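Participant: Before anything else, here's the structure in question.
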Amino acid sequence: MGLKEIHKDLIDKQGRRKYFRMLNPELENKPFTIKPNSIKKKQRIVFIVPNFHWIDEDVNALWDLVPWNLCQIASVIEDICDEIIIIDAYKENLSEKELTEKIVKFKPDIVGLTVLMDQYAEVTPITTRIIKKISKDIITVLGGVYAMANPERAMKDKNLDYVIIGEGEYVFKQLVGFYSGACDLPSRGICFRKNNSFELENRGHAKFIKDLDQLPKPSYHLIDFLS
Ligand code: B12
């Protein structure tokens, strides 16, 4: 079967991908900002790369994954947060107990997880269970390709509070701003449960950031990848 035949249901009459139209693509023209004096309580944030070895000992898991996406997101919220750390449970090959100890010690308000692809989906509920066992009050957020490709599937994990759909920089900043008492929830780019019910509210794909040059440089000082 030719490629055109395989793709026929994915492409519209003008030859464009139907999927892209479904994202309702729009450009974000200016950075999302929060006035420091509007913040009522500064948040403590832990970003986590889950330990993929908990689910996959196959050769694919030998890739070195630098969590630069988390450094990138951290860079836009450093000015509005109390403290931010990145725990790379994959690189450090942490046990569930070791990860628990690190989270307990830091006392986060919000934990942001990244899972690059579907291949690692199963590690998410293991990690969110660890977090919610420490405290039900910690807000859990998941971003990355696995989450955005199918947010409803990711949200089947009852210990997950939010999925970020699309580029996370401004969406996460607004989510942190919401829990800091400074603004509303983002109007796009999140999926969550309505009023503690089982019903999901999917606000669709985030706007695409038009000018990436306006983003600050990634917060590489939060990781020590070469050690
Ligand atoms: C670079 C890359 C790799 C690199 C990874 C290097 C690295 N340091 O991460 C390497 C070469 C290792 C790689 C390998 C593979 N890859 Co790859 N890879 C990519 C690629 C091209 C870009 C990923 C990336 O870095 N994007 C840029 C960063 C900044 O974006 P991001 O991580 O998505 O983060 C943004 C948002 O998602 C969100 N976000 C992410 N995390 C979080 C967390 C929080 C808390 C928040 C708020 C937001 C948030 O905000 C971020 C900033 O905007 C994607 C394609 C794509 N367009 O995404 C494929 C892709 C992820 N890979 C894919 C695949 C299949 C693989 C392999 C399995 C291939 C193979 N058969 O071996 C292997 C698996 C390796 C492994 N074991 O992990 C698929 C996954 C498909 C799926 N649905 O799961 C993709 C989508 C390509 C494709 N279209 O098929 N890959």
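None of the figures in this text is laboratory data; all of them are computed from the coordinates on show. All figures in this text were calculated on a predicted structure; none of them were measured in a lab. All Cβ positions, glycine included, derive from the backbone under ideal geometry; neighbour counts span all protein chains shown.
Participant: Quick one: pull the percentage of alpha-carbon pairs in segment 148-190 with a separation above 14 Å. It would help to have the intermediate numbers written out before the result.
Facilitator: Details: 436 of 903 pairs.
The share of Cα pairs beyond 14 Å in segment 148-190 comes to 48 percent.
Participant: I'd like to compare 27-33, 12-18, 174-180: which one has the highest average count of other Cβ atoms within 10 Å, and what's the full order after that?
Facilitator: Ranked from most to least packed, the peptides come out as 174-180, 27-33, 12-18.
Participant: Same structure, new question: Sort 164-173, 135-144, 63-72 for me by packing, meaning the mean count of neighbouring Cβ atoms within 10 Å per residue, highest on top.
Facilitator: Going by the mean number of other Cβ atoms within 10 Å, highest first, we get 164-173, 135-144, 63-72.
Participant: Divide by every residue of the chain the summed helix terms, -39500 (n - 2.57) for each DSSP H run of at least 4, and state the resulting mean residue ellipticity at 222 nm, rounded to the nearest 500 deg cm²/dmol.
Facilitator: Only helices count here, giving -7000 deg cm²/dmol.
Participant: In debye, nearest 20, what is the charge dipole magnitude of segment 36-222 about its Cα centre with +1 on Lys and Arg Cβ and -1 on Asp and Glu Cβ, if you could check?
Facilitator: Approximately 760 debye in magnitude.
Participant: Quick one: work out the % antiparallel among DSSP beta bridges in the chain, nearest 5.
Facilitator: Antiparallel bridges: around 25 percent, rounded to the nearest 5.
Participant: Among 136/194; 156/194; 42/133; 42/173; 173/217; 97/132, which pairs are too far apart, with a Cα-Cα distance over 19 Å?
Facilitator: Table pairs above 19 Å Cα-Cα are 42/133.
Participant: Give me the aspartates and glutamates in straight-line cross-link reach of residue 4: C-alpha distance below 19 Å, same-chain residues under 8 apart excluded.
Facilitator: Excluding near neighbours in sequence, the set is 12.
Participant: Rounded to whole Å and ordered largest first, report the semi-axes of the equivalent ellipsoid of segment 93-227 derived from its Cα gyration tensor (root of 5λ).
Facilitator: In descending order the semi-axes read 22, 20, 16 Å.
Participant: Along the charge dipole of segment 36-222, pointing to its positive end and built from +1/-1 on Cβ of Lys, Arg, Asp and Glu, which listed residue (168, 187, 50) has its Cα farthest out?
Facilitator: Positive-most Cα among the choices belongs to 187.
Participant: Please grab the % of Cα pairs in the chain that end up more than 25 Å from each other. Don't skip to the answer; put the middle values down first.
Facilitator: Details: 10770 of 25651 pairs.
It works out to 42 percent of all Cα pairs.
Participant: Please give, to one decimal in nm, the separation of the simple spin-label points placed at residue 215 and residue 134, each 7 Å out from Cα toward the Cβ.
Facilitator: According to this spin-label approximation, the distance is 2.6 nm.
Participant: Please give me the summed charge of the neighbours of residue 198: other residues whose Cβ is under 11 Å from its Cβ, Lys and Arg +1, Asp and Glu -1. Walk me through the numbers before you get to the answer.
Facilitator: Working: positive: 156, 158, 193, 194; negative: 199.
It works out to a net charge of +3.
Participant: Ok, one more. For segment 182-227, what does the equivalent ellipsoid look like in terms of its semi-axes, each the square root of 5 times an eigenvalue of the Cα gyration tensor, given largest first in whole Å?
Facilitator: 31, 18, 11
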